[in-house]
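The values are calculated or read from the model by the stated rules, or taken from the named source; none is laboratory data. Note that this is a predicted model, so its numbers are computed, not measured. All Cβ positions, glycine included, derive from the backbone under ideal geometry; neighbour counts span all protein chains shown. Please note that ligands, DNA and RNA were not included when accessible areas were found on the heavy atoms of the full protein model with its side chains. Shrake-Rupley method; radii C 1.70, N 1.55, O 1.52, S 1.80 Å.
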Amino acid sequence: MMSDLGSRGFRIVALVLAVALAGCAAKKNSLPPGTADADKFLFDRGTAAAKDKKWLDAREYFRNLVDNYPQSPFRPDAKLALGDTYIGQGGTENLLLAANEFREFLTFYPTHARADYAQLQLARSHMLQMLAPERDQAATRDAIKEIEIFLQRFPNSQLMPEARKMERQARDRLSEANYRVGFFYYRIKWYTGAIDRFKDILKTDPQFTNRDALYYYLAESLYLMGKQTNQTASEALPYYERLVKEFEKSDYLGAAQKRIAELKNPS
């Protein structure tokens with residue numbers, strides 16, 4: 001059986017070949033005979049079509065430029081615009097093709113002034129494939145990997161605020177997926193599994209947006225496990241206190257404050 005990675009790679013190759021064949025079969029009317037500055041003409045027409053969200057028309061112009069004018073100063077931007085048309089059109093297959101365009105750009109133009117944009121769009125092509133927290137998080141992990149490359153390679157990029165926002169969104173999705181597993185363990189009263197899962201999230205993503213719930217259920221797991229084993233539940237106290245200290249508003253504040261009072265003033 002073909003591995004998931006091999007299957008995905010085969011799928012990308014098949015999609016690229018399909019696009020190439022479609023391009024060969026497309027009408028050859030995108031460039032009128034005798035057009036001066038043909039590359040600029042193609043780029044301008046592609047840009048106008050993309051602005052109107054005519055993705056297929058835009059792609060034909062950009063592809064013509066990329067394939068037939070290798071020395072054109074517009075070629076790098078057309079290559080990026082090709083990827084953007086796939087993102088604009090959306091859908092899993094188009095997002096895979098977008099990722100391929102941005103990877104090729106980074107291979108051909110690694111020091112280009114817009115390489116940071118290509119890297120961020122590559123990450124975005126994965127983010128747009130992220131699934132709900134209860135489903136497989138492979139695309140989320142891929143997005144985080146590409147964002148980390150951006151952060152390392154382009155620390156002075158003007159796109160850094162957007163990259164940080166995307167990083168938070170992707171890490172929150174991955175941490176939320178792990179949190180839900182931990183919460184399931186908590187609900188079935190397997191506190192050891194819940195504690196391990198919750199602590200791992202705090203270690204790998206200490207800025208998890210939903211960490212007030214994480215603090216609370218980690219503390220509750222420690223508290224209740226202590227009750228089950230007739231041991232002290234004092235290890236839970238710091239997590240209740242962190243919740244109260246770090247969050248002015250939270251659905252868990254009242255319950256955490258009651259536990260703090262109970263642990264500090266046992267009857």
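Residues of segment 112-132 include none that is in contact (Cβ under 8 Å) with a residue 12 or more places away in the chain and closer than 30 Å to residue 236 by Cα. Each residue in segment 37-66 was checked for being open to solvent by less than 40 Å² (accessible area, probe 1.4 Å) and polar (S, T, N, Q), and 1 of them qualify. A single entry from 49, 26 fulfils the requirement of being at pLDDT 55 or above and among the small types (Gly, Ala, Ser): 49. Would you please name the residue that is surrounded by the most Cβ atoms within 10 Å (Cβ to Cβ), looking only at residues in segment 250-267 that are in a loop (DSSP other than H, G, I, E, B) and at pLDDT 95 or above? Taking the candidates together, the pick is 252.
If I filter segment 228-248 down to residues being in contact with a helix residue (DSSP H, G or I) (Cβ under 9 Å, 6 or more places away or on another chain) and outside any helix (DSSP H, G or I), which single residue comes out as modelled with the highest pLDDT? Going through the qualifying residues, I end up with 247.
Looking only at segment 221-263, residues that are among the acidic types (Asp, Glu), within 31 Å of the chain's Cα centre (by Cα) and within 19 Å of residue 192 (Cα to Cα) come to 0 in all. Within segment 67-115, the set of residues being β-branched (Val, Ile, Thr) and either part of a loop (DSSP other than H, G, I, E, B) or surrounded by fewer than 18 Cβ atoms within 10 Å (Cβ to Cβ) (or both) comprises 92, 107, 111.
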